[in-house]
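Have a look at the structure below before the remarks.
Read-outs: derived from the displayed coordinates by stated rules, not from any lab. Since this is a predicted model, take the numbers as computed values, not measurements. Counting neighbours? That spans all protein chains shown, and the Cβs are built from the backbone with ideal geometry, glycine included.
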Amino acid sequence: MKTTRILALLLASGLLAAACSAPEPTPTPSPTPTATPTATATSTPSPTPAPTATATATPSPTPARPSPTPTAPPISVPDSFATYKDQSFGFTLRYPKEWKVEETQGNPPQLAFISGPGAAASAPIQGIVSLIYNSEMTPADAVADNLLPQFTDREGFRTLEEREVTLLGGDPAFQIAFQWRTASGLSQGLLQTTSKDSRSFVMLLEGAQQEFQANAQAIQATFYSLHPQEPTPLGIPRSQALTLYFDDGPLTLDPAIAQESQSIQYIMQLYSGLISFGPDLALKAEVAKGWEVSGDGTVYTFTLRENARFHDGRKVTAQDVKYSWERAAGHTLSPIASPTVGTYLDDIVGVADVIQGKATEISGVEVVNEATLKVTIDAPKAYFLAKLSHPVAFLVDRSNVEASTGSLAPWWLTPNATGPFSMNTWEPGRLLVLDANKDFYGVPPAVPHVAFYLFGGVPTQMYKTGEIDIAHVFPDELSEIRAPANPLSKEMVETPELSLFYVGLASDKPPFNDPLVRRAFLMATDRQKLLTDIYSDSQTLSQGFMPTGLPGYNPAVPPIPFDPAKAKELLAQSSFKGPEGLPRIVYLTTGTTGPSALVTALANMWKANLGVQVEPTLVSGSNYFYLLPDIIRIGHIFDYGWIADYPDPHNFLDVLFHSGVQNNVGKYSSKEVDALLDKARIEPDREQRVQLYQQAEALMVQDAAAIPLYFGRDYSLVKPYVKGLVFSPFGMVDLKGVSLAAR
């Protein structure tokens with residue numbers, strides 16, 4: 001599968017360091033939440049601090065800042081005040097009952113919108129509670145200093161007072177009162193920051209100064225009442241929930257649509273198929289309790305488990321399997337064609353006809369009875385069973401899918417599946433909570449709930465402060481965490497993955513349709529230097545395209561030389577006669593603010609070693625793999641990360657580089673390589689299959705089908721009380737065996 005985590009690693013090498021020395025955030029306007037009836041004042045729109053999900057730096061204090069005044073006398077909150085509680089991110093707030101405090105409709109960092117008195121005024125009192133995650137323990141006054149410049153460019157702005165205070169819950173905080181001039185007169189605001197673990201809560205109220213001063217006591221009582229707490233999403237105690245922060249959540253939970261690891265990580269917890277693989281790379285029965293194979297290797301008969309059920313309790317039947325596969329292949333009920341079915345179910349007789357619209361049923365899938373399914377493939381293929389472990393072969397409930405017909409909300413927001421966990425709630429951009437499926441056909445999960453935060457900061461910092469139970473470690477952090485004196489070194493787990501990161505080349509158009517140019521770029525790349533300088537040698541240098549640990553991996557593959565002189569010679573011998581004859585070269589890469597450290601280093605290498613200037617073009621990180629097949633038409637070089645779906649050479653060499661396959665984004669084509677791969681598809685002898693793949697790999701390296709960089713390794717921190725966690729070589733975290741011991 002396409003792995004966004006490898007791309008995240010690519011970005012993290014530069015972005016994590018940048019985040020830790022980030023400049024003050026650029027102010028952004030605050031949209032009025034759609035659920036809030038009171039409009040933002042037209043003359044003085046409520047500004048919002050611009051906290052970001054990435055780490056914020058500890059800023060230098062503002063030189064002109066006056067000395068803090070002593071803490072104000074204790075303030076009490078009237079019993080008549082209402083209470084607002086955010087269990088997901090952990091804070092409570094008391095406020096006058098005639099005010100409004102409600103959850104914002106957009107994604108964090110804004111958590112709550114406050115609407116106070118003066119609705120009829122030109123500048124009513126209103127504001128927000130926002131959340132910032134810090135890269136290190138950051139005092140409240142430093143957070144305030146970082147935010148204040150967002151307000152100082154207002155006309156007549158001046159600070160009225162700065163003070164350190166102790167909130168009613170005992171938390172230290174910092175307040176800044178300020179005023180500015182508008183067309184309607186003077187306006188006033190109060191900014192308060194308070195820090196708890198890696199979180200900083202930012203509270204802001206603004207309005208006409210007359211209203212502000214008339215309600216000063218209520219405003220102060222509201223500010224002093226803010227109380228950060230340990231988050232308990234949905235009221236679930238931490239002892240009952242494995243708490244995680246991996247990313248900003250799945251792009252889709254439709255197993256027929258998902259093609260990147262970010263979505264599939266969640267799908268694997270909710271859904272299941274006929275078979276799967278264990279961490280030892282052995283096939284495991286899932287919904288199918290067993291299977292038989294015909295003597296000629298073309299007919300598979302699956303027997304389903306009697307206790308396999310959907311989350312709503314309905315028993316799984318063979319018809320459910322047939323429906324799920326036909327839907328993925330282009331069944332008339334499917335509004336979106338699956339981008340993966342042609343890769344993973346293509347061996348089944350009749351799948352191609354359904355994909356092409358020539359049929360609505362897969363002729364090679366026969367429902368014998370409720371518990372028996374017969375599947376016919378087009379030729380005996382050693383890897384066929386393995387391909388059924390891909391999410392496109394997972395089971396979906398037809399009534400669940402059809403229930404959303406005509407609705408704007410897709411069915412997979414509330415999936416009724418067969419996996420070890422069921423959906424409890426999903427608040428996009430905030431939180432996703434799963435519940436243990438107590439009726440799971442296997443051993444039911446021991447942990448009652450799994451809470452995924454979809455908004456957070458630097459995972460290792462959140463881990464250190466106890467906010468999450470597992471954290472991925474980025475290369476920048478490895479040397480510190482690995483240090484023997486660091487207690488965290490005993491909590492780090494290292495997992496070799498069946499993964500490959502490479503730089504793809506568009507071989508179907510100039511200049512990379514010339515193999516001499518491809519070879520020149522390969523030999524002009526100091527790959528070991530990249531791994532050392534950017535990844536701290538945390539990944540394994542690749543000499544080919546089949547990763548270490550994969551059946552068929554060849555440790556005897558000759559090293560790819562770094563030879564700038566030879567690279568220049570090859571470029572001069574090419575049809576372009578040297579760098580001057582090359583066309584414009586565009587490098588498609590993931591990112592939002594700028595090229596990663598890796599892409600920058602590659603561009604510099606090619607400039608220095610070949611005299612060639614490439615142009616990085618940024619593509620949205622979360623949608624990169626979905627967009628790449630279309631936007632490659634404007635590019636020539638691209639980032640690509642791949643992690644095994646199943647442990648077979650076919651899943652790397654054939655799925656990525658055969659001239660007729662969908663995932664061959666660079667359109668690499670070689671008759672010799674295709675012939676070897678075609679022969680390997682149907683070769684029954686394991687040793688001969690491996691030899692065919694190794695021959696194909698050697699040709700691909702010689703032909704510079706792409707520039708292989710590294711085979712992946714995962715580094716994660718795991719709390720000692722988390723038991724039974726399994727890190728898969730397929731880049732997934734298996735959560736169904738997890739239990740939480742006493743802390």
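For Lys289, list long-range residues whose amide hydrogen, built 1.01 Å from N in the peptide plane, is under 5 Å from its own amide hydrogen.
Correct list: Thr303, Leu304, Arg305.
Under a point spin-label approximation (7 Å from Cα along Cα-to-Cβ), what is the Glu687-Met137 distance to one decimal in nm?
Modelled inter-label distance: 6.2 nm.
Tell me the volume per residue, in Å³, of the convex hull enclosing the alpha carbons of the chain.
Values: hull volume 136.1 nm³, N = 743.
Hull volume over Cα atoms, normalised by residue count, gives 183 Å³.
Give me the dipole magnitude in Debye, nearest 20, for the chain about the Cα centre, with unit charges on the beta carbon: positive for Lys and Arg, negative for Asp and Glu.
Working: 54 positive and 75 negative charges, 53 e Å.
I would put it at about 260 debye.
Multiply the residue gap between Arg743 and Gln87 by 0.36 nm, knock off their C-alpha separation, and tell me the result in nm, one decimal place.
Details: separation 656, 0.36 × 656 = 236.16 nm, distance 2.11 nm.
My answer for the length gained is 234.0 nm.
If packing is taken as the average count of other Cβ atoms within 10 Å, what order do 632-639, 211-218 fall into, highest mean first? Spell out each step's value before the answer.
Values: 632-639: 20.0, 211-218: 16.6.
Listed from highest to lowest mean packing, they are 632-639, 211-218.
What is the list of residues in segment 699-743 whose amide nitrogen lies under 19 Å from a point 7 angstrom out from the Cα of Lys438, following Cα to Cβ?
Label zone hits: 736-740.
Of Lys2/Lys387; Lys322/Lys667; Lys2/Lys719; Lys322/Lys723, which ones are farther than 26 Å apart at the Cα? Working shown, then result.
Numbers: Lys2/Lys387 15 Å; Lys322/Lys667 33 Å; Lys2/Lys719 29 Å; Lys322/Lys723 37 Å.
Correct reply: Lys322/Lys667; Lys2/Lys719; Lys322/Lys723.
Using the beta-carbon distance between Lys97 and Gln210 and R0 = 30 Å, what value does 1/(1 + (r/R0)^6) give for FRET efficiency, to the nearest 0.05? Before the final figure, lay out each step's value.
Values: r = 22 Å, r/R0 = 0.75.
The pair Lys97/Gln210 has a calculated efficiency of 0.85.
Where does each of Thr166, Thr194, Thr138 land when they are ranked from fewest to most other beta-carbon atoms within 10 angstrom?
Working: Thr166 14, Thr194 27, Thr138 22.
With the sparsest Cβ surroundings first, the list reads Thr166, Thr138, Thr194.
Tabulate in residue order the Karplus-calculated ³J(HN,Hα) for segment 76-85, using 6.51 cos²θ - 1.76 cosθ + 1.60 with θ = phi - 60°, rounded to whole Hz; enter x for Gly and Pro.
9, 9, x, 4, 6, 5, 7, 10, 10, 10
Calculate for the chain the 222 nm mean residue ellipticity that helices alone would give, adding -39,500 (n - 2.57) per DSSP H run of length 4 or more and normalising by residue count, nearest 500 deg cm²/dmol.
Values: 20 runs with 178 residues, N = 743.
For the chain, the value works out to -6500 deg cm²/dmol.
Using a Förster radius of 60 Å, what is the FRET efficiency between Gln662 and Ser76 based on their Cβ-Cβ separation? Nearest 0.05, please.
Plugging the Cβ-Cβ distance into 1/(1 + (r/R0)^6) gives 0.35.
Arrange the peptides 247-259, 566-578 so that the one whose residues have, on average, the most other Cβ atoms within 10 Å appears first.
247-259, 566-578
First measure r as the distance between the Cβ atoms of Ala282 and Thr152, then evaluate 1/(1 + (r/R0)^6) with R0 = 51 Å and state the FRET efficiency to the nearest 0.05.
That pair, Ala282 with Thr152, gives E of 0.20.
Between Lys566 and Lys529, what length comes free when the chain is fully extended (0.36 nm per residue of separation minus the Cα-Cα distance, one decimal in nm)? Please report the intermediate quantities before stating the final value.
Working: separation 37, 0.36 × 37 = 13.32 nm, distance 1.83 nm.
The Lys566-Lys529 span can extend by a further 11.5 nm.
Mind checking the dipole of segment 244-453: about its Cα centre, +1 per Lys or Arg Cβ, -1 per Asp or Glu Cβ, Debye to the nearest 20?
On the way: 15 positive and 24 negative charges, 56 e Å.
The calculation lands at about 260 debye.
Under a point spin-label approximation (7 Å from Cα along Cα-to-Cβ), what is the Asn307-Thr495 distance to one decimal in nm?
Result: 2.6 nm between the two label points.
Any lysines with Cα under 17 Å of the Lys566 Cα? List them, leaving off those in the same chain fewer than 8 positions away.
Cα-Cα hits under 17 Å: Lys577, Lys607.
I need two numbers for segment 244-453: Rg to one decimal and Dmax as a whole number, Cα atoms only, in Å.
Reported Rg and Dmax, both Å: 16.6, 52.
For segment 495-714, I need the span (max minus min coordinate) of the C-alpha atoms along each principal axis, in Å, sorted largest to smallest.
Taking the Cα atoms of segment 495-714, the three principal extents are 49, 37, 32 Å.
Please rank Asp526, Asp714, Asp630, fewest neighbouring Cβ atoms within 10 Å first, as an exposure proxy.
Numbers: Asp526 17, Asp714 22, Asp630 8.
Fewest-to-most Cβ neighbours within 10 Å comes out as Asp630, Asp526, Asp714.
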